[in-house]
Amino acid sequence: MITIIAGTNRKNSVTLKVARYYEKLLNQRGESCQVLDLATLPRDFVFSSLYGEENLDFSQITEQFIFAPSKLVVVTPEYNGSFPGIMKSFIDGWNPRKVSDKWVALVGVSSGRQGNARGMDDLTNILNYLKINVIPVKSPLSQIFNLLNDNGDISDDGMNDLISLQLDLLIEK
Ligand SMILES: Cc1cc2nc3c(=O)[nH]c(=O)nc-3n(C[C@H](O)[C@H](O)[C@H](O)COP(=O)(O)O)c2cc1C
């Protein structure tokens, strides 16, 4: 089981569409996966689930989507030059002892030209601090409005080749 995180709580985000596209690609390769949209987190989790406080809904989500699987795909949009704050707050709610040695593939989404490259680097530092491995091939999906077609698929051949290589590396772990 591979978890795909849509790393924003903005409703109907483009990031969620990209997460669904990765789900489709992984299913085509025979991999079972589950998508976690951060818009579905408990609304008060930042105040009810961090620093030792327990929110049962949040605990169930972290168990099912983060602690149980050994592999994740994390799709984050570029907000003000990096990944969204909700994603960092979500990570701050993880039990560090239950995440080490996992493998994570990173995907960046932006309307600008960077494809959240810096946000993926920032995330890599945090994940490595938690002893989580990051697949070295990352997918910076810049100018996303030019890449996604009306079916929610990425229509750029070069980018699909990169995504394919990234998924090969994740699946072989
Ligand atoms: C709060 C906020 C900050 C943003 N900052 C940037 C940015 O720094 N660079 C950029 O290229 N796009 C930026 N965007 C645009 C997003 O990259 C764009 O909306 C893209 O579709 C991914 O966001 P989404 O998943 O929320 O749709 C920003 C969007 C929001 C909502």
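The values are calculated or read from the model by the stated rules, or taken from the named source; none is laboratory data. Everything numeric in this text was worked out from a predicted model, so none of it was measured. Don't worry about glycine lacking a Cβ; one is built from the backbone with ideal geometry, like all the others, and counts go over all protein chains shown. Calculation scope for accessible area: heavy atoms of the full protein, side chains included, ligands and nucleic acids excluded. Shrake-Rupley method; radii C 1.70, N 1.55, O 1.52, S 1.80 Å.
Do you know which residues across segment 129-160 are within 16 Å of Lys71 (Cβ to Cβ) and open to solvent by 20 Å² or more (accessible area, probe 1.4 Å)? Explain how you work it out, then say what you get.
Taking segment 129-160 first, the residues within 16 Å of Lys71 (Cβ to Cβ) are 130-139.
Correct list: Leu130, Lys131, Asn133, Val134, Pro136, Val137, Lys138.
Going by the structure shown, is Ser155 at pLDDT below 95, over 16 Å from the mean Cα position of the chain (by Cα) and more than 30 Å from Arg97 (Cα to Cα)? Working first, answer last.
Working: at pLDDT below 95: yes; over 16 Å from the mean Cα position of the chain (by Cα): yes; more than 30 Å from Arg97 (Cα to Cα): yes.
When the stated conditions are applied, Ser155 passes them.
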Next item on the list: Could you list all residues from segment 59-73 that are open to solvent by 20 Å² or more (accessible area, probe 1.4 Å) and under 10 Å from Gly93 (Cα atoms)?
Entry: Ser59
Checklist line | Every residue from segment 19-58 that is away from the ligand (no atom under 16 Å from the Cβ), open to solvent by less than 50 Å² (accessible area, probe 1.4 Å) and within 14 Å of Phe90 (Cβ to Cβ) | finding: Pro42, Phe45, Ser48, Ser49, Leu50, Asn55, Phe58
